[in-house]
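A.B. asks: Structure in structure tokens, see below.
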Amino acid sequence: MTALPGSRLALNPIQWMATDDGWLDPSKAPETPELLSLVKKAGFDGVMAAVPAEWTAKQYTELVADTGLELAPGYFVCRSDGRDGKQDDVVEDAARIGRQHAELGLDVVGLGLGMGNAEARLARPAQGTDPEPARLEAITELIGRIAAAMLAEGVRPALHPHVGTWVETDSEGRSVLEALPADQLGFLPDTGHLAWAGVDVRALISDYAGRVPFVHVKDCRLSVGEQGRAGDWDYKKIVRSGLWVEPGRGELPLVEILGALGNDFGGWLMVEVDKPDIADPYESAVASATWMRATFGGGRQ
């Protein structure tokens, strides 16, 4: 066992939302009370914050607490490339999510770009397709505005490079992180997305470990990603072909990668299984929690 003694174990329960075509459909998930109960029963300490529409933060916080879970940071999607005229709306929405997180008692949130405006990278994923310095500069400027809006609410965003977006590669992630100071922008690594994009994940985490408040722990079959790259497959076909698996069932050296966080890491290890290898979502969650606890310890109880 490789202990990370200060860490806690959370789940983003997206395996309940996985579709046959390799995408996500939130309507597939059980109602929120049942879903939270299943997350707790599966063996997790926390769940990713995601307040249902029409719920107040107080209602949601109370339900999570009643279930015996803690709230782990949620995720904000920036649906703009920084020059499409949507920037002001995105910043306003970011402030709202920051305010909501503060009401939930959280002081950090994940920040990633949407995949909807990066069609070239969905067609040829994890390859840094169609790089454009001017676009990255505009995105970085927008991320700075988002960070300022969230910080005004008491919440710091953490950059989340993601395959199929305009911040996908090692150089793109580093460029944004170097442009903005640590007190404005943290770093939220996703072990699976970074590895799929060819990043030396351990090295990247090691270089920015002091900026990592939590991690998306994801395992994958890199061999499937390589097959897809050779065959010129799109994002969905690669996912449908078995890219994602539960932690410990794939090809990533997760112990080595997460060891770069250091023994003093006190954040969340948040498991994500975008498309489960184990067909039943609950059994997928159980297998994930079991392996994580056996490998990294029980965390804070």
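A.B. asks: Only one of Arg221, Arg211 is at pLDDT 95 or above, of a type outside the set (Val, Ile, Thr) and over 22 Å from Thr19 (Cα atoms); which? Break it down stepwise before answering.
C.D. replies: On the way: Arg221 fails: over 22 Å from Thr19 (Cα atoms).
Step by step, each of Arg221, Arg211 is checked, and only Arg211 is at pLDDT 95 or above, of a type outside the set (Val, Ile, Thr) and over 22 Å from Thr19 (Cα atoms).
A.B. asks: Of the numbered conditions (1) assigned by TED's automatic domain parsing to the domain that holds Phe265; (2) of a type in the set (Val, Ile, Thr); (3) closer than 28 Å to Pro247 by Cβ, Val108 fails exactly one; give the number of that condition.
C.D. replies: (1)
A.B. asks: Next question, about the same structure. Does Ala182 satisfy the criteria of being hydrophobic (A, V, I, L, M, F, W, C) and over 24 Å from Leu269 (Cα atoms)?
C.D. replies: On the way: hydrophobic (A, V, I, L, M, F, W, C): yes; over 24 Å from Leu269 (Cα atoms): no.
It is false that Ala182 is hydrophobic (A, V, I, L, M, F, W, C) and over 24 Å from Leu269 (Cα atoms).
A.B. asks: Same structure, new question: Sort out which residues of segment 37-50 are within 16 Å of Ser288 (Cβ to Cβ) and not acidic (Asp, Glu), and write them in order of number.
C.D. replies: Of segment 37-50, the ones within 16 Å of Ser288 (Cβ to Cβ) are 38-48.
Residues satisfying the conditions are Leu38, Val39, Lys40, Lys41, Ala42, Gly43, Phe44, Gly46, Val47, Met48.
A.B. asks: Here is a further query. State all residues of segment 198-222 that are more than 15 Å from the chain's Cα centre (by Cα) and either outside any helix (DSSP H, G or I) or crowded, with 22+ Cβ neighbours inside 10 Å (or both); if no residue qualifies, say none.
C.D. replies: Gly198, Val199, Asp200, Tyr208, Arg221
A.B. asks: Quick check on my filter: what residues within segment 112-167 are of a type in the set (A, V, I, L, M, F, W, C) and not in a helix (DSSP H, G or I)?
C.D. replies: Leu113, Met115, Ala118, Ala126, Ala152, Val155, Ala158, Leu159, Val163, Trp166, Val167, listed by residue number.
A.B. asks: Oh, and also: Just one of the numbered conditions (1) in contact (Cβ under 8 Å) with a residue 12 or more places away in the chain; (2) out of contact with any helix residue (DSSP H, G or I) (no Cβ under 6 Å at 6 or more places or on another chain) is not true of Gly248; which one?
C.D. replies: (2)
A.B. asks: Sort through Glu34, Glu70 and tell me the only one that's among the acidic types (Asp, Glu) and over 20 Å from the mean Cα position of the chain (by Cα).
C.D. replies: Values: Glu70 fails: over 20 Å from the mean Cα position of the chain (by Cα).
Going through Glu34, Glu70 in turn, the sole match is Glu34.
A.B. asks: Just checking, does segment 2-15 include any residue being in the same structural domain as Ala285 (by TED's automatic domain parsing), modelled with pLDDT under 95 and of a type in the set (Val, Ile, Thr)?
C.D. replies: Looking through segment 2-15, at least one residue is in the same structural domain as Ala285 (by TED's automatic domain parsing), modelled with pLDDT under 95 and of a type in the set (Val, Ile, Thr).
A.B. asks: Next question. Going through segment 61-73 one residue at a time, which ones are surrounded by 20 or more Cβ atoms within 10 Å (Cβ to Cβ) and outside any strand (DSSP E or B)?
C.D. replies: Pass one, segment 61-73, residues surrounded by 20 or more Cβ atoms within 10 Å (Cβ to Cβ): 64, 71-73.
Those that are surrounded by 20 or more Cβ atoms within 10 Å (Cβ to Cβ) and outside any strand (DSSP E or B): Val64, Pro73.
A.B. asks: Taking segment 168-184 as the region of interest, how many residues are in contact (Cβ under 8 Å) with a residue 24 or more places away in the chain, in a loop (DSSP other than H, G, I, E, B) and surrounded by fewer than 24 Cβ atoms within 10 Å (Cβ to Cβ)?
C.D. replies: Summing the residues that are in contact (Cβ under 8 Å) with a residue 24 or more places away in the chain, in a loop (DSSP other than H, G, I, E, B) and surrounded by fewer than 24 Cβ atoms within 10 Å (Cβ to Cβ) in segment 168-184 gives 5.
A.B. asks: Then there's this: Mind listing just one residue for me: the one in segment 91-117 that is crowded, with 23+ Cβ neighbours inside 10 Å and among the small types (Gly, Ala, Ser) and, of those, farthest from Glu54 (Cα to Cα)?
C.D. replies: Of all residues in segment 91-117, those crowded, with 23+ Cβ neighbours inside 10 Å come to 94, 97-98, 101, 109-111, 113.
Okay, now just the ones that are also among the small types (Gly, Ala, Ser), so 94, 98, 110.
Working: Ala94: 18, Gly98: 17, Gly110: 22 Å.
Looking at residues that are crowded, with 23+ Cβ neighbours inside 10 Å and among the small types (Gly, Ala, Ser), I get Gly110.
A.B. asks: In segment 256-288, which residues are part of a helix (DSSP H, G or I) and either surrounded by fewer than 21 Cβ atoms within 10 Å (Cβ to Cβ) or in contact with an Asp or Glu (Cβ under 8 Å, 6 or more places away or on another chain) (or both)? Break it down stepwise before answering.
C.D. replies: The first filter runs over segment 256-288 and keeps only residues part of a helix (DSSP H, G or I), leaving 256-259, 281-288.
Residues satisfying the conditions are Glu256, Gly259, Tyr282, Glu283, Ser284, Val286, Ala287, Ser288.
A.B. asks: Looking at segment 2-24, I want the residues that are assigned to a loop (DSSP other than H, G, I, E, B) and have a partner that is among the acidic types (Asp, Glu) with Cβ atoms under 8 Å, at least 6 apart or on another chain. Which pairs are those?
C.D. replies: Gly6/Asp264; Met17/Asp25; Thr19/Asp25
A.B. asks: Here is a follow-up. Pairs, please: C-beta under 9 Å, at least 6 apart or cross-chain, first residue without any contact (Cβ under 8 Å) to a residue 12 or more places away in the chain and in segment 147-159, second surrounded by 24 or more Cβ atoms within 10 Å (Cβ to Cβ) and not in a strand (DSSP E or B)?
C.D. replies: none
A.B. asks: Looking at segment 223-254, which of the residues that are within 19 Å of the chain's Cα centre (by Cα) and among the aromatic types (Phe, Trp, Tyr) is nearest to Val286 (Cα to Cα)?
C.D. replies: Result: Trp244.
The values are calculated or read from the model by the stated rules, or taken from the named source; none is laboratory data. The shown structure was predicted, so the numbers you read here are calculated from the model rather than taken from an experiment. Using ideal geometry, Cβ is built from the backbone for each residue, glycine included, and neighbour counts are taken over all protein chains shown.
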